[in-house]
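Everything below concerns the one structure shown next.
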Amino acid sequence: TIQRVVERFDIFKSKDHLQIEMEIPDSLPPIKGVSTEIETALENLIDNAIKYGADGGIVKITVKQIENEIEISVSDQGVGIPVEDQPRIFERFYRVDKGRSRALGGTGLGLSIVKHIVQRHGGRIWLESQLGHGSTFHFTLPLENSD
């Protein structure tokens with residue numbers, strides 16, 4: 001599923017001189033949830049990493065199992081998100097840089113949709129960001145056999 005989503009973004013790699021790195025174990029246990037919705041969440045995060053990442057930078061997707069859940073992280077080397085904007089970043093229609101978001105076609109709904117999907121699947125979502133160094137968005141999803 002994750003590889004399939006990343007392949008959809010191959011066209012952007014050459015256009016924006018991006019490098020997409022993946023750190024995904026060869027085998028992962030199944031997770032609870034609707035795969036198309038989880039793909040949508042991941043697509044939104046990768047799309048943002050490409051849009052707001054540095055030209056010629058690296059977008060990194062990391063997947064790992066931690067106890068009874070899978071953690072997926074998407075990192076970029078972009079401008080980062082100011083500390084004062086971070087608590088509101090998952091709100092509907094919230095945009096950090098309204099001018100840039102509008103120019104890139106953003107509506108301010110992507111991260112809100114991701115949060116909704118992750119929470120509906122019983123997961124958690126959070127971010128780490130530092131101005132001038134980029135952002136990492138993490139989310140977890142419970143394993144299929146965990147209750």
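The values are calculated or read from the model by the stated rules, or taken from the named source; none is laboratory data. Owing to the predicted nature of the structure, the values given are computational and were not obtained by experimental measurement. Virtual Cβ from ideal backbone geometry, glycine too; neighbours counted across all protein chains shown.
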> Looking only at residues in segment 51-69 that are under 12 Å from the mean Cα position of the chain (by Cα) and surrounded by fewer than 20 Cβ atoms within 10 Å (Cβ to Cβ), which one is nearest to Gly80 (Cα to Cα)?
Replying inline: Lys51
>> For a quick check of your reading: which strands (runs of 3 or more DSSP E) sit entirely within segment 17-133 and have at least 2 residues that are at pLDDT 90 or above?
In response: 58-66, 69-75, 125-130
